[in-house]
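The values are calculated or read from the model by the stated rules, or taken from the named source; none is laboratory data. Since the structure is predicted, the reported quantities are computational estimates derived from the model, not experimental observations. Here the Cβ positions follow ideal geometry from the backbone for every residue, glycine too, while neighbour counts run over all protein chains shown. Quick note on the areas: whole protein, heavy atoms, side chains included, nothing else; ligands and nucleic acids left out. Shrake-Rupley method; radii C 1.70, N 1.55, O 1.52, S 1.80 Å.
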Amino acid sequence: MLGRLGAGAAALLTLALPAAALADEPVTTFTLDNGLNVVVIEDHRAPVVVQMIWYRVGAADEPAGHSGIAHFLEHLMFKGTDKVGPNQFSGIVEAQGGDDNAFTSWDYTAYFQRIAADRLDLVMEMEADRMRNLRLTEEDVTTERQVILEERAQRTDSDPGTLLMEQMRAAQYLNSPYGVPVIGWRHEMADLSREDALSYYKRFYAPNNATLVIAGDVTPDKVKVLAEEYYGPLEPSDGIVPRERAQEPPQLAERRLVLEDERVSEPYVFRTYLAPERDPGNQKEAAALTVLAELLGGNGQTSVLARALQFDRKVAVYTSAYYDGTSIDDATFGLMVMPAPDVSLADAEAELDKVLDDFLKNGPDPAALERIRTQVRAGEIYARDNVESLANRYGQELSVGLTMTDIEGWDEALAAVTAEDVMAVAHKVLDRKDAVTGWLTKPAAEGEATP
């Protein structure tokens with residue numbers, strides 16, 4: 001995930017959850033006549049409010065050959081309108097004691113402000129204004145295009161680990177647009193034009209393609225009045241169609257790659273597998289995969305990989321596993337092993353496979369599974385205590401097609417995960433022929449064999 005200030009991917013508690021932590025904040029939803037979905041999350045503990053506007057469009061929705069346009073437009077949205085001068089938006093928010101930013105992912109683009117509750121009308125008016133009234137000059141586009149090219153140079157091209165992930169993702173997704181980096185391919189970014197940006201903007205930045213989330217010291221009645229005043233008059237777009245994307249063909253063999261770079265200080269093995277996403281009305285597999293990731297590599301002291309590779313066999317200095325199924329199409333499940341100084345990448349990978357084989361044969365320790373289920377659910381519940389985190393959760397999950405019922409039932413889905421569920425998804429997902437395995441390493445010295 002990328003933002004205007006750079007890249008953007010849970011607290012774990014093992015004690016019983018206090019009753020107060022289980023109490024949901026009041027959440028209200030409604031839709032304006034022009035199609036804008038609105039979510040109001042009340043939290044009256046402090047006179048602060050967060051406004052987030054989520055557009056249901058991201059890097060996976062870009063026209064072929066125009067990679068990076070979603071992220072580029074995110075930058076250009078700060079160039080101003082007839083009412084708000086160029087680059088003045090953030091300054092106005094800051095002058096009121098608030099802060100703002102934006103970020104882009106494959107499935108959505110979001111903008112937010114955090115400000116005193118009695119200034120909500122101000123930021124609502126400004127955000128609604130730039131939804132349909134952005135003004136761009138050729139100079140704006142030329143300047144900001146150089147900014148995103150420099151961002152790619154600093155955050156991607158100069159980081160071997162990021163380059164490996166980019167190459168692995170492209171290998172993972174042969175047909176899906178998820179294989180294209182959010183920031184874009186450099187040669188296509190360099191050709192993005194004012195016409196490209198405005199065409200994309202006029203089609204996708206509209207009330208019928210957005211979700212407005214207001215969280216904090218507000219009431220639904222007040223938000224509805226303000227939303228109808230500022231967002232209500234905006235015209236919907238007739239270019240919004242169902243997000244039907246190219247899907248992946250069956251993977252017939254493991255894909256492998258080695259990235260050699262002089263800048264690598266710590267070599268590692270990284271492997272990803274295609275994995276089911278969270279689907280509306282059916283979150284069982286995603287919940288089990290979330291628990292599986294925590295079991296295998298969620299904790300640097302007690303997880304399966306940490307215990308086996310870092311402490312028992314002492315072949316690794318770091319291990320991890322991850323899964324996030326909050327996407328429209330298939331997600332990825334990832335594993336990483338950083339070998340000890342005297343262990344080769346080949347040996348580290350072989351040890352990883354031994355641990356996985358053992359897990360697939362014997363399953364999780366029952367006590368560990370119960371602990372992880374409690375930890376994962378606790379992390380979800382305690383995240384509700386942060387109003388900005390809660391707004392982010394609703395905005396993100398609604399933007400990928402999940403429903404309010406799905407969102408509010410996620411922690412129950414996690415609590416219901418059984419050992420059988422974990423093993424079912426482990427056997428389904430952890431198949432080498434469905435994997436992409438990458439090695440990050442320094443170039444081999446002269447006379448040494450290349451991995």
Förster radius 35 Å - calculated FRET efficiency between Asp279 and Ser193, Cβ distance, rounded to 0.05: 0.40
Nearest-20 debye value, the chain charge dipole, Cβ charges on Lys, Arg, Asp, Glu: 340 debye
Those aspartates and glutamates that a straight Cα-Cα span of less than 20 Å connects to Lys442, excepting residues fewer than 8 apart in one chain: Asp157, Asp159, Glu166, Glu260, Asp261, Glu262, Glu266, Asp342, Asp347, Glu349
Spatially proximal lysines relative to Lys284 (Cα-Cα < 27 Å; intrachain offsets below 8 disregarded): Lys361, Lys428, Lys433
Listed residue (Leu192, Val218, Val304) projecting farthest to the positive dipole end of the chain, Cβ model: Val304
Two-decimal ratio, the chain, of alpha-carbon radius of gyration to 2.2 N^0.38 Å: 1.03
Leu73 - accessible surface, heavy atoms, 1.4 Å probe, Å² rounded to 10: 0 Å²
Full-extension gain in nm, Asp342 to Ala253, via 0.36 nm per residue minus C-alpha separation: 29.0 nm
Listed residue (Ala419, Gln96, Val343) projecting farthest to the positive dipole end of the chain, Cβ model: Val343
Helix-only CD estimate at 222 nm, as mean residue ellipticity for the chain, using -39500 (n - 2.57) per DSSP H run (n ≥ 4): -11500 deg cm²/dmol
Anisotropy class of region 311-419 from Cα gyration tensor, a/c 1.5 cut: prolate
